[in-house]
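Derivation of every value follows stated rules applied to the coordinates shown; laboratory data play no part. Note that the structure is predicted; figures quoted are calculated from it, not measured. Every residue, glycine as well, gets a Cβ built from its backbone with ideal geometry; the counts of neighbours run over all protein chains shown.
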């Protein structure tokens, strides 16, 4: 039975899991959005949200606790100065997980985890808008290109 066993082990021992989640939290703080497997994203969300809650307290003790977990002072500075103030009115739910589908190589379910108040913090556009702009900039289909090339040949031959 799995009563009261909340920890997702991710097939790693405790120290490896702690290091993995700390590194992923650092990447999430630095980049604002990371692409990872769904299981890792679900394991990272509570860790990231607890860090934001620490940063919202904004006292010396919470800053030292964040440094003890992340081991990078500049990342903690960004967490306390940019991410926490953007989420000051929110009472939880600081992260969003968006499912992407299966990875091509091993069919692992992939996801993007990002800050909910990311656009308010002045960073990049959400995933949906980026996908829409990429679709507009796509090259013309091959049939249309072949048709234009054939018309150009006919015009040259007609002269």
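Taking 0.36 nm per residue of sequence separation and subtracting the Cα-Cα distance, how much length would be gained by fully extending the chain between residue 3 and residue 82, in nm to one decimal?
Contour length minus Cα-Cα distance gives 24.6 nm.
Would you mind putting 76-89, 100-113 in packing order, based on average other-beta-carbon counts within 10 Å, highest first?
Sorting 76-89, 100-113 by mean packing, highest first, produces 76-89, 100-113.
List the residues of segment 49-79 whose backbone N lies under 19 Å from a point placed 7 Å from the Cα of residue 10 along the Cα-to-Cβ direction.
Hits in segment 49-79 for residue 10 at 19 Å: 49-53, 66-72, 75-76.
Just to confirm my numbers, what's the Cα centroid distance between segment 93-110 and segment 1-72 in Å?
Measuring centre to centre over Cα atoms gives 18 Å.
How long is the gain from residue 35 to residue 90 if the chain were fully straight, where each residue apart is worth 0.36 nm and the alpha carbon distance is subtracted?
17.4 nm
Bin width 5 Å, origin at 0, all Cα-Cα pairs of segment 1-60: what percent of pairs per bin?
Here the calculated profile for segment 1-60 is 4, 16, 25, 24, 17, 9, 4, 1, 0.
Can you tell me the Rg and Dmax of segment 14-124, counting just the alpha carbons, in angstroms?
Cα-based Rg and Dmax for segment 14-124 come out at 13.9, 45 Å.
Arrange the peptides 1-7, 67-73, 53-59 so that the one whose residues have, on average, the most other Cβ atoms within 10 Å appears first.
Highest-to-lowest ranking by the protection proxy: 53-59, 67-73, 1-7.
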